[in-house]
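Trainee: Before we start, here is the structure in question, set down as structure tokens.
The values are calculated or read from the model by the stated rules, or taken from the named source; none is laboratory data. None of these values were measured; they are calculated from a predicted model. Here the Cβ positions follow ideal geometry from the backbone for every residue, glycine too, while neighbour counts run over all protein chains shown. We work out accessible area using only protein heavy atoms, side chains counted, and drop any ligands, DNA or RNA first. Shrake-Rupley method; radii C 1.70, N 1.55, O 1.52, S 1.80 Å.
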Amino acid sequence: MFMHWADWEITLDGAPLAVPERYRSAPPGIPSGPAASVAGVYLEIARAVSEGRPPHPGFDTALRLHRLLATIERSASTGLSQEIS
């Protein structure tokens, strides 16, 4: 499976995969690409503020993903299995 979020193009076994519009986080009218990604994040922040909740993804999600990426890099450079810290 290939996924390129910025352009909203997803293929499965080489065939385009239709993604329902309800999964798009950018407001209508924003073209695909980096602008859509940024608009989606800003929209989530605005919703979170108006609903009195933390935005998602938040710091904890970012921390877990950075730790995962660091573990993948260590594994790739050493050729050994690694535990996620």
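Trainee: Rounded to whole Hz and in sequence order, give me ³J(HN,Hα) for segment 33-48 from the Karplus expression 6.51 cos²θ - 1.76 cosθ + 1.60, θ = phi - 60°, writing x for Gly and Pro.
Mentor: Once rounded to whole Hz, the list reads x, x, 4, 5, 5, 5, 4, x, 5, 4, 5, 5, 4, 4, 5, 4.
Trainee: Using the Cα centre of the chain as the reference point, and only Cβ charges (+1 on K/R, -1 on D/E), how large is the resulting charge dipole? Debye, rounded to the nearest 20. Present the calculation step by step, with values, prior to reporting the outcome.
Mentor: Numbers: 7 positive and 9 negative charges, 47 e Å.
Computed charge dipole of the chain: roughly 220 debye.
Trainee: Shifting gears a bit: Sequence gap at least 6, Cα distance under 8 Å: using those rules, report the relative contact order of the chain to the nearest whole percent.
Mentor: Taking the mean separation of contacting Cα pairs over the length of the chain, I get 16 percent.
Trainee: How much length is gained if the chain between residue 25 and residue 56 is pulled fully straight, taking 0.36 nm per residue apart and subtracting their Cα-Cα distance, in nm to one decimal?
Mentor: Here the segment from residue 25 to residue 56 would lengthen by 10.0 nm.
Trainee: Please sort by residue number the trypsin sites (Lys or Arg not before Pro) in the chain whose DSSP state is loop and whose Cβ has at most 15 other Cβ atoms within 10 Å. Working shown, then result.
Mentor: Details: sites: 22, 24, 47, 64, 67, 74; in loops: 24.
In loop regions of the chain (DSSP not H, G, I, E or B), the sparsely surrounded trypsin sites (Lys or Arg not before Pro) are 24.
Trainee: Something else now. Keeping every protein chain present and rolling a 1.4 Å probe, give me the accessible area per residue for the chain in Å².
Mentor: Numbers: 6790 Å² over 85 residues.
Per residue, the chain has 80 Å² of solvent-accessible surface.
Trainee: Residue by residue, what Karplus-based ³J(HN,Hα) values in Hz, rounded to whole numbers, does segment 72-85 have, using 6.51, -1.76 and 1.60 with θ = phi - 60° and x for Gly and Pro?
Mentor: 4, 4, 4, 4, 5, 6, 9, x, 10, 5, 10, 8, 6, 8
Trainee: Among 31, 52, 42, pick out the residue whose Cα is farthest towards the positive end of the charge dipole of the chain, where Lys and Arg carry +1 and Asp and Glu carry -1 on C-beta, about the Cα centre.
Mentor: Among 31, 52, 42, the one farthest towards the positive end of the dipole of the chain is 52.
Trainee: Calculated from the structure, semi-axes √(5λ) of the Cα gyration tensor in Å equals which of (1) 29, 22, 10; (2) 23, 16, 12; (3) 18, 15, 11?
Mentor: Of the labelled values, this structure produces (1).
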